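One structure is given here, and the rest of the page talks about it.
The values are calculated or read from the model by the stated rules, or taken from the named source; none is laboratory data. From a predicted model like this one, the values you see are computed outputs, not experimental measurements. Quick reminder, even Gly has a Cβ in these numbers, built from the backbone with ideal geometry, and neighbours come from all protein chains shown.
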Number of protein chains: 2
Amino acid sequence: MTDFLADRDAWLTTNCSIARTLDVVGNRSTLLLLREASMGTRRFDQFAARVGISEPVAAARLKQLVADGLLERRPYREPGQRTRDEYVLTDKGAQLVPVLVALRQWGDTWAADAAGPSVRVEHHDCGAEVHAVLRCAAGHDVEPDGIDVRPGPGLLRANRD
Amino acid sequence: MTDFLADRDAWLTTNCSIARTLDVVGNRSTLLLLREASMGTRRFDQFAARVGISEPVAAARLKQLVADGLLERRPYREPGQRTRDEYVLTDKGAQLVPVLVALRQWGDTWAADAAGPSVRVEHHDCGAEVHAVLRCAAGHDVEPDGIDVRPGPGLLRANRD
DNA sequence: TAGCTGACTTTGCTATCCCTAAGTCAGCCC
DNA sequence: GGGCTGACTTAGGGATAGCAAAGTCAGCTA
C-alpha cells in the first residue's frame, strides 16, 4: 500500500469529500450567496442585488441553502415594518469561510484589476490581513506541493477480479 | 467609511476576487480535474476515468485549464510508447490547493460516510494531517467569525446621484 | 506498411442554470 | 379595510454543461 497512488484507478469516487462538498456548493450563485452571508447580508432582495442574480434564482438557492443547513431563517422586525425572516449563516455554513478566503486569495493574486483587489480581509482583533494557509497537526506550515495523499478509513475499493 | 458594510449596495461586483476565481474554476468538473492533477494524475484517459466525466468534457476542460495557465502540457515518453503530452499543475494551478484542501475538509466534517473520509492528507515532511486554517499577518489564528471586510485599493463604487 | 492504442473530436441529445417579465401574497400603515 | 412593500412564485425561453456513441488521427510495434 506504500505506492497506493499508482493504484488510484481502483478507488471509487463515491466517497470523495471534495465532490460531496461540490454537490452542496458547486455552483457559482451558491458560493456568491455564501460570500454575502459571511459579509453580513441578511435580506432577500439584498442577496439578489449584491450577488447580481435574479430573484427566482436567489429564492431557489437560498431555499436549498436552508435545506442543507448552511443558512438559517430567523424572524426579525425592523421598526415600523412587519415581521420578516432573515438568512443567517449557521455554524455548518461558517465552516465554509476558509473556502471563500482561499478563493478570494487566489483571485487577488491572479485575477484582480491593476488597482488591486476590491476588498481586504482583516483579523477582527488586530487588523492584520487574513490568509488561508495549510498547516499540519504538528504545527508546521505546509506548501501546496508538500502534501501526500493517503488512504483514509472510508476508502472504498472497486472489486478487481 | 467606518461602517462601510452598510454601504455595500454601492459596490460594484465586477472586481470581486471570489467571482473572478469562480469564472476560472467555477464548475464541478474543473475543480475535480484539479483535484486529480494535485494528486499526480497526468494522462488524459486517467483524468476522465478518475473524475468520472466523459471524454468530450475532459478534453474541453483540460484545454481550458491549459489556456488559463493552471495546467501545462509537457511531452513525455513511456518506454515502448510514442511521445505524448501530459498535464502538469503550474504554480498558478498549485496555488488553488488550499481551496481543494478547504473543500475536502468541509466534506470530511459534514458529508463523509460513517466510516470516515476516503483519503487523508498528510504533511510530506512529518506525516501529520494537513488542514486549511485562517491566519492573520500578525500570526494569530483566526476563526471564521473573526474576520472583518474592509474596502481595498481596487474598490469600485457605483455612481450615486 | 499494417495494425494498434492513446488522445482526442464530432454528432445529437438531455438537463441544469440563469434570465426577464409578470404575477401572488401577507401584513403593517393610514 | 385599501394600499404599499418586501418576499417571493410562475411562465417562457436561451445558454451552458453534461452524456453516449462513433469517428479521426498520429506514430510506435511488428
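Within region B:46-84, being at negative phi, at pLDDT below 95, exposed (fewer than 11 other Cβ atoms within 10 Å of the Cβ) and not polar (S, T, N, Q) holds for B:75, B:77, B:78, B:79, B:82.
Condition first: part of a loop (DSSP other than H, G, I, E, B), among the hydrophobic types (A, V, I, L, M, F, W, C) and within 21 Å of residue B:153 (Cβ to Cβ). Now tell me which residues in region A:119-140 satisfy that. Residues satisfying the conditions are A:126, A:128. Scanning region A:20-37 for residues that are modelled with pLDDT of 95 or more and either on the phi > 0 side of the Ramachandran plot or small (Gly, Ala, Ser) (or both) gives A:29, A:37.
The set of residues in region A:44-60 that are part of a helix (DSSP H, G or I) and near DNA strand D (Cβ under 10 Å from one of its atoms) comprises A:44, A:45, A:46, A:47, A:48, A:49, A:55, A:56, A:57, A:58, A:59, A:60. Taking the criterion of being facing chain A (nearest Cβ under 7 Å), without any contact (Cβ under 8 Å) to a residue 12 or more places away in the chain and within 9 Å of DNA strand D (Cβ to nearest atom), would at least one residue in region B:24-37 satisfy it? Checked against the condition, which is being facing chain A (nearest Cβ under 7 Å), without any contact (Cβ under 8 Å) to a residue 12 or more places away in the chain and within 9 Å of DNA strand D (Cβ to nearest atom), region B:24-37 yields at least one hit. Residues in region A:100-118: is at least one part of a strand (DSSP E or B), closer than 30 Å to residue A:76 by Cα and within 20 Å of the chain's Cα centre (by Cα)? There is no residue in region A:100-118 that is part of a strand (DSSP E or B), closer than 30 Å to residue A:76 by Cα and within 20 Å of the chain's Cα centre (by Cα). Of the numbered criteria (1) within 26 Å of residue A:104 (Cα to Cα); (2) in contact with an Asp or Glu (Cβ under 9 Å, 6 or more places away or on another chain); (3) more than 7 Å from chain A (Cβ to nearest Cβ), the one residue B:64 fails is (2).
Restricting attention to region A:86-99, the residues that are outside any loop (DSSP other than H, G, I, E, B) and away from DNA strand D (no atom under 16 Å from the Cβ) total 7.
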